[in-house]
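Student: Sharing a structure below in structure tokens format, with a few things to ask.
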Amino acid sequence: MIKTIIRWLHFFEDAAIIMLISSIVLLSVAQIVLRNLQLGGIPFADEAMRNGVLWLAFFGAMRASRVQNAIAINLLVHYHNEKMKKLIHFIVYLSCAAVCLIAAYYSWRFVQVEMEMPEIAFLSIPTWFLESVIPFGLFVIALRFITQSNRLPNQHDSHA
């Protein structure tokens with residue numbers, strides 16, 4: 001049951017990335033075509049693309065943390081035995097989780113302030129909603145670091 005839920009969450013994450021990339025590309029092409037035809041373009045497109053890039057960055061980072069495909073410096077791990085590798089991995093992953101949790105907390109506080117002073121970004125979408133991907137993404141990444149802290153990355157494990 002839990003594996004099915006996790007599989008669906010991974011599917012949603014991957015689908016969101018595909019939809020975000022497609023939307024950004026389509027809006028960009030539409031803007032170029034409309035402006036070249038002297039039709040002015042889509043009024044909300046630039047703001048939508050900027051926010052799309054923000055969301056894409058966080059969904060991409062969440063996926064990278066899921067498949068343990070983040071940038072890593074393995075110099076410390078390379079020259080140690082298996083037990084020491086596990087300890088270093090554990091410490092690094094818990095440290096990364098702590099940083100993400102702290103950043104998630106403060107970004108959530110930022111979103112709360114934005115909710116108190118509602119401002120519309122585009123198409124009646126409040127800015128706080130668009131910014132909410134920041135604490136959400138950081139929290140998901142922190143959870144993944146915590147759950148992956150007790151095992152070394154496996155290059156063949158794409159559904160961590």
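The values are calculated or read from the model by the stated rules, or taken from the named source; none is laboratory data. No experiment lies behind these values; they were computed from the predicted model shown. Here Cβ is always computed from backbone atoms with ideal geometry, including for glycine, and neighbour counts include all displayed protein chains. We work out accessible area using only protein heavy atoms, side chains counted, and drop any ligands, DNA or RNA first. Shrake-Rupley method; radii C 1.70, N 1.55, O 1.52, S 1.80 Å.
Student: Of 63, 144, which has the most accessible area and how do the rest follow, probe 1.4 Å? Show your work: numbers first, answer last.
Tutor: Working: 63 90, 144 30 Å².
Sorted descending by solvent-accessible area, the residues read 63, 144.
Student: How about segment 81-136: which GluC sites (Glu not before Pro) there lie in a loop by DSSP and see at most 14 other Cβ atoms within 10 Å? Write down the numbers at each step before the final one.
Tutor: Values: sites: 82, 114, 116, 119, 131; in loops: 119.
In loop regions of segment 81-136 (DSSP not H, G, I, E or B), the sparsely surrounded GluC sites (Glu not before Pro) are 119.
Student: Report the charge-dipole magnitude of segment 1-69 in Debye, nearest 20, computed about the Cα centre from +1 at each Lys and Arg Cβ and -1 at each Asp and Glu Cβ.
Tutor: My answer is approximately 240 debye.
Student: Ranked highest first by the average count of other Cβ atoms within 10 Å around their residues, in what order do 47-55, 22-30 fall?
Tutor: Final packing ranking: 47-55, 22-30.
Student: Quick one: ranking 102, 17, 146 by accessible area, 1.4 Å probe, largest first, what do you get? Could the numbers behind the result be given before it?
Tutor: Numbers: 102 100, 17 25, 146 70 Å².
Ranking 102, 17, 146 by accessible area, largest first, yields 102, 146, 17.
Student: May I pose another question? Only residues of segment 1-39 count here: report those whose backbone N is under 19 Å from the spot 7 Å along Cα→Cβ of residue 147, or say none.
Tutor: Flagged as within label range: 1-17.
Student: Still on this structure: Quick check for me: using +1 on Lys/Arg Cβ and -1 on Asp/Glu Cβ, what's the dipole size of the chain about its Cα centre, in debye to the nearest 20? Can you show the working numbers first?
Tutor: Numbers: 12 positive and 10 negative charges, 156 e Å.
Roughly 740 debye, rounded to the nearest 20.
Student: Roughly what angle does helix 133-148 make with the longest principal axis of the chain, taking Cα atoms, 0 to 90 degrees, to the nearest 10?
Tutor: For 133-148 against the chain, the angle is about 20 degrees.
Student: If you line up the long axis of helix 2-36 against the longest principal axis of the chain, both from Cα atoms, how many degrees apart are they, to the nearest 10?
Tutor: With both axes taken from Cα atoms, the answer is about 40 degrees.
Student: Over the chain, what is the mean sequence separation of C-alpha contacts under 8 Å (at least six apart), divided by residue count, expressed as relative contact order in percent?
Tutor: On the way: 140 pairs, mean separation 44.4, N = 160.
Across the chain, relative contact order equals 28 percent.
Student: So how tilted is helix 45-66 from the main axis of the chain? Cα-based, degrees 0 to 90, rounded to 10.
Tutor: Helix 45-66 and the main axis of the chain meet at about 10 degrees.
Student: Here's a follow-up. What share of all Cα pairs of the chain, in percent, falls into each consecutive 10 Å distance bin?
Tutor: That works out to 10, 29, 29, 20, 9, 3, 0, in percent per bin.
Student: Any idea how far the Cα center of segment 32-71 sits from the one of segment 102-136, in Å?
Tutor: The two parts, judged by their Cα centres, are 18 Å apart.
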